[in-house]
Every structure is written in structure tokens, then in C-alpha cells.
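Visitor: Following this message is one structure expressed as C-alpha cells.
The values are calculated or read from the model by the stated rules, or taken from the named source; none is laboratory data. Note that the coordinates shown come from a computational prediction; the quantities given were computed from them, not determined experimentally. Cβ atoms come from the backbone with ideal geometry, glycine included; neighbour counts cover every protein chain shown. All accessible areas refer to the heavy atoms of the entire protein, side chains included, with ligands and DNA or RNA removed. Shrake-Rupley method; radii C 1.70, N 1.55, O 1.52, S 1.80 Å.
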Amino acid sequence: MPPTPARSNTLISNLSAVATRITAASSKLSPPKETPVRLIAVSKLKPASDILALHSAPVSHQHFGENYLQELQEKARLLPPTIKWHFIGGLQSNKCVSLARDTKSLWAVESVDSEKKAGLLDKGWGDRKVEVLGEEGKGGEQLRVFVQVNTSGEENKSGVDPEEGVVGLCRFIREKCPRLKLQGLMTIGAIARSRATTPENENEDFLTLKSVREKVVSVLGLEGKEAHLELSMGMSEDFEGAIVLGSDEVRVGTTIFGDRPPKDQARVV
């Protein structure tokens with residue numbers, strides 16, 4: 001499964017370039033962020049060898065994102081348990097229990113958009129066996145979840161309406177799902193807005209997500225550490241603009257891994 005030296009060098013160079021751009025965008029924040037922006041390398045439809053190239057020393061990148069349950073679980077079985085996996089794809093109710101129960105080294109689920117799905121994730125996390133938890137989960141740690149917000153209002157996008165339902169879903173997770181931790185809010189946003197985003201040209205979707213966070217914090221009366229709900233926003237075409245607006249986490253795929261093959265041609269190994 002090891003990658004070729006040429007492929008490894010390309011991936012490492014790409015990741016380094018993205019990290020440099022993240023640092024540059026973060027330097028424009030005043031006051032500066034207390035913690036570095038988290039970079040999720042979105043590895044969907046890419047082979048496990050690509051992930052291994054970036055997770056192995058000396059790079060040792062930890063956070064990787066996947067969109068498809070079967071692909072994620074297969075990679076998680078093959079790759080080191082020290083990887084921190086993020087599920088960032090559309091969440092189906094009938095797969096929530098397996099996602100939470102059976103996925104090794106699952107660090108976060110970023111696409112929760114209903115109480116039903118949150119409840120099923122909570123159940124699945126409670127059913128996990130020790131061999132699935134990994135070192136980080138043995139102490140009873142909660143599963144981190146992000147509420148996905150449909151900031152663009154597009155019918156083909158998943159997510160809760162920013163005007164209705166977000167506060168209620170966040171309250172449900174906090175009060176009715178003891179095994180889940182409300183980590184923050186996530187948006188994908190409109191492609192046209194993403195392409196037009198620069199550090200100077202603010203993205204309306206990102207502004208909306210910031211506003212939604214303020215509403216959630218206020219209505220739920222969150223204080224202290226709980227008041228800092230993370231914002232997961234920004235992808236390959238717009239992550240610098242997202243960082244300038246306060247994103248805590250960016251999800252970057254093609255800029256690191258290159259163009260993806262068609263799904264029916266993708267191979268894990």
C-alpha cells in the first residue's frame with residue numbers, strides 16, 4: 001500500500017502549500033486565534049496510500065475527511081488508528097448507527113441536520129466496542145458533531161434552515177444526546193459564492209453561519225468554553241476568505257489530492 005516516492009512528494013508539497021496559505025490568512029485576524037485553524041484533508045475517492053503518505057512521519061497530518069460510509073470504514077480498518085476521521089458527507093438515517101458504532105477512530109460527524117439523526121448517532125456511539133474506540137475513546141469521550149446549516153437556501157443542499165430549526169437541533173443535541181458533543185456549525189455554501197470569495201470579498205454564506213452561531217450562543221445561554229462553537233466553513237476555492245471571517249476548520253480536497261476519479265473507478269487500495 002505504500003505510495004510511490006513521486007506521489008508522496010507531490011502530496012507533501014501540496015499540503016505544505018495549503019498550510020502556508022492558512023498561516024498567511026490567519027495572520028490577518030485581530031485579535032489572533034487562540035488555536036490554529038484545523039485543516040481537514042478531504043480524501044474521498046483517493047486511495048489509502050495517499051492518506052498514508054500524509055499521515056506518516058515526518059508530515060504526520062492527523063485530520064482526514066470522507067464522504068461515503070463504506071469507503072470511510074474500509075480506510076479506517078486499513079490505516080493507523082492515530083488518524084482522526086471526519087465524516088463530512090450527506091448523512092442518511094439508516095447509516096447513522098453504523099457510522100458511530102463501527103467506524104474506527106471516528107473524531108467528528110460534520111453533517112447532522114435532524115434530531116432523528118442525532119439520536120441515532122448517540123445510540124450508535126453508545127454501542128461501540130472497545131476495539132473500535134481506539135485510545136482516544138476509551139475514557140468515555142463524547143462524539144463531536146457539527147450541525148450542518150443550509151446557508152445558501154439551495155434545495156439540493158443538506159442542512160437546517162438558518163432561520164428555523166438550528167437552535168432547536170442544537171438544544172436537542174445538548175440536552176437529549178449525552179454521548180454527543182456539540183462541536184459547532186458547518187456549511188458548504190453556494191459554488192458561485194465560493195468562486196467569488198477572496199480575503200477582501202466576503203462570502204455571504206460565511207457571514208450567515210457566523211450570525212447563526214451568535215444566535216445559538218445567545219438563545220441557549222452558552223458561557224465559557226461552551227460559548228465557542230466552532231465554525232467549519234471553507235473549502236479549496238474559498239478557505240482563505242473563510243479564515244478571515246473566523247473559520248476554525250477548513251476542508252480542503254482537490255488542492256491537496258488533485259482531481260478525483262469517477263466514483264465507480266475509485267479504489268481504496
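Visitor: Which order do W85, W125 take by accessible area at a 1.4 Å probe, largest first?
Guide: Numbers: W85 0, W125 30 Å².
Putting W85, W125 in descending order of accessible area: W125, W85.
Visitor: To one decimal place, what orientation-averaged projected area in nm² is obtained for the convex hull of the Cα set of segment 11-132? Don't skip to the answer; put the middle values down first.
Guide: Details: hull surface 35.3 nm².
The Cα convex hull of segment 11-132, projected and averaged over all directions, gives 8.8 nm².
Visitor: Here is a further query. Give me the percent of accessible area attributable to carbon and sulfur for segment 29-72, probe 1.4 angstrom.
Guide: 53 percent
Visitor: Can you tell me what the convex hull of the Cα atoms of segment 150-200 projects to on average, as an area in nm²? Let's see the in-between values first.
Guide: On the way: hull surface 19.0 nm².
Over all viewing directions, segment 150-200 projects a mean Cα-hull area of 4.8 nm².
Visitor: Measure off 7 Å from each Cα along the Cα-to-Cβ vector at E164 and D264, then give the distance between these two points in nanometres to one decimal.
Guide: Result for the modelled spin labels: 3.9 nm.
Visitor: Right, something else. Once you've got the GNM for the chain with C-alpha springs shorter than 10 Å, pick whichever of E202, E237, E163 has the biggest mean-square fluctuation.
Guide: E163
Visitor: Of L45, G90, S56, whose Cα points farthest to the positive end of the dipole of segment 1-105 (charges on the beta-carbon: +1 Lys, Arg; -1 Asp, Glu; origin at the Cα centre)?
Guide: G90
Visitor: Another one. With 25 Å as the limit, write out which pairs from K84/K181; K33/K176; K123/K181; K104/K181; K46/K181; K33/K215 have Cα-Cα distances beyond it, or answer none. Write down the numbers at each step before the final one.
Guide: Values: K84/K181 16 Å; K33/K176 31 Å; K123/K181 13 Å; K104/K181 18 Å; K46/K181 29 Å; K33/K215 21 Å.
Cα-Cα > 25 Å for K33/K176; K46/K181; rest within.
Visitor: Run a plain Debye calculation on the chain (Cα atoms as equal point scatterers, no solvent) and give log10 I(q)/I(0) at q = 0.15, 0.17 Å⁻¹, rounded to two decimals, same order as the q list.
Guide: Scattering profile of the chain, log10 relative to I(0): -1.16, -1.48.
Visitor: In addition: Across 10 Å bins from the origin, how do the percents of Cα pairs in segment 198-269 run, short distances first?
Guide: Reading upward from the zero bin: 18, 36, 26, 15, 6.
Visitor: Give me the net charge of G258's neighbourhood, meaning all other residues with Cβ under 14 Å from the Cβ of G258; Lys, Arg count +1, Asp, Glu -1. Provide the component values of the computation, followed by the final result.
Guide: Working: positive: R7, K44, K46, R260; negative: D50, D259.
So the environment of G258 carries a net charge of +2.
Visitor: For n ≥ 4 DSSP H runs only, could you compute -39500 (n - 2.57) per run for the chain, divide by its residues and tell me the 222 nm figure to the nearest 500?
Guide: On the way: 11 runs with 114 residues, N = 269.
-12500 deg cm²/dmol, from helical runs alone.
Visitor: Then there's this: What accessible area per residue, rounded to a whole number of Å², is obtained for segment 10-165 using a probe radius of 1.4 Å?
Guide: 46 Å²
Visitor: Can you compute the modelled spin-label distance between S218 and A196, with each label point 7 Å from Cα toward Cβ, in nm?
Guide: The two pseudo-label positions are separated by 2.7 nm.
Visitor: Compute, for H228, the solvent-accessible surface of its heavy atoms (probe 1.4 Å) with the complete set of protein chains present, and express it in square angstrom to the nearest 10.
Guide: 100 Å²
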